[in-house]
1. Where does the chain land at 222 nm, in deg cm²/dmol rounded to the nearest 500, when only DSSP H runs of n ≥ 4 count, each adding -39500 (n - 2.57), divided by all residues?
2. In the neighborhood of residue 28, defined by Cβ-to-Cβ distances under 9 Å, what is the net charge if each Lys or Arg adds +1 and each Asp or Glu adds -1?
3. Simple spin-label model, 7 Å along Cα-to-Cβ: residue 224 to residue 128 in nm?
4. Of 247, 283, 15, which has the largest mean-square fluctuation in a 10 Å C-alpha GNM of the chain?
5. Using a 1.4 angstrom probe on heavy atoms only, work out the carbon and sulfur share of the accessible area of the chain in %.
6. What Rg and what Dmax come out for the chain when only alpha-carbon atoms are used, in angstroms?
7. What distance in nm lies between label points placed 7 Å from Cα along the C-beta direction at residue 87 and residue 33?
8. GluC sites (Glu not before Pro), restricted to segment 1-107: which are DSSP loop and have at most 15 other Cβ atoms within 10 Å?
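The values are calculated or read from the model by the stated rules, or taken from the named source; none is laboratory data. This one's a predicted model, so the numbers in the text were calculated from it and none came from an experiment. Cβ placement follows ideal geometry from the backbone for every residue including glycine, while neighbour counts extend to all protein chains displayed. To get the accessible areas, we keep the full protein, side chains included, count just its heavy atoms, and leave off ligands, DNA and RNA. Shrake-Rupley method; radii C 1.70, N 1.55, O 1.52, S 1.80 Å.
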Amino acid sequence: MVKTYVFGHKSPDSDTITSSIVMANLENKLGNTDAKAYRLGSINKETEFILNYLNMDAPELLESIEDGSDVILVDHNSPSESIDNLNNLNILKIVDHHKLALETSYPLFLRFEPVGCTETILFKLYQENGVEITKEIATLMLSAIVSDTLLLKSPTTTEDDISAVKALSKIAEVDVEEYGLEMLKAGTDLSSFTIDEILQLDAKQIDFKDVRSIINQVNTASIDDVMEMKDELEEGISKIIDSENLDLFILLITDIVNSNSQVIALGKSAKLIEKAYGVELIDNTALLEGVVSRKKQVVPIMTESA
Ligand code: MN
Ligand code: MN
């Protein structure tokens, strides 16, 4: 029998992992009983919290797939974030909330919506197909929406995310604020990581016009706790700037409770932060009030100022 691999992006986050599970379940319920969830990397602490809460195992790690295999992608579609031989696989479906970054030579099922989380789209797909959302599925969906939208406070949040969470919290029987904050906090525990690991946890290479940059975002419940490591972090950042030949490295330390970010900016284009946000960098750092979304509140503003 033909097997269908369902997976999200590399460096999996909670949306990627839960959406793989929830999408595979939907496929099973709709008759594709060979669909199975997989992951392309290790589980982060926030996702571990969710799976522990539900007493669920993580999806199996997928090291490689044979060319020609059937796959379903969730929470990503860019080949650079996917399994290496994506171009040689047969993509059946994609459910995603990122910009389209892929071209295929064959038709396939695409469901893209500009919402805060893949699970919000899956919530709709369950409803449209009349598939029951169990307490477990509801908890997975709700957890991912809370994660991707930082408790519905990120500017990526849409009305659809809000109404999905409202409906799901009833089925899941959880207090969203209480459970969500506990879950987000579980994801901010940096104690087991080295400085070099922290600087790579969620690093994305993004060029603002010709300014070669990396933005790394770290969520925390206490900016002060992370800033205690400032000297070591700056030392690590300087090494990366040299080895990667960067003009700018931005470490965005995002306070998930108060919805602000402390920024540490190093490199010869660090002043770009001052121009973009009208702040003054003192000792390479400044507070960016209300900034929580790299996608919506950093990348476009920095690009415009470059
Ligand atoms: Mn994701
Ligand atoms: Mn997502």
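1. Calculated mean residue ellipticity at 222 nm is -11000 deg cm²/dmol.
2. With Lys, Arg at +1 and Asp, Glu at -1, the net is 0.
3. Each label point lies 7 Å from its Cα, and together they span 4.9 nm.
4. 283
5. Heavy-atom surface of the chain belonging to carbon and sulfur, 1.4 Å probe: 46 percent.
6. Considering the chain through its Cα atoms, Rg and Dmax are 19.7, 62 Å.
7. Result for the modelled spin labels: 3.8 nm.
8. Filter output for segment 1-107: 63, 66, 103.
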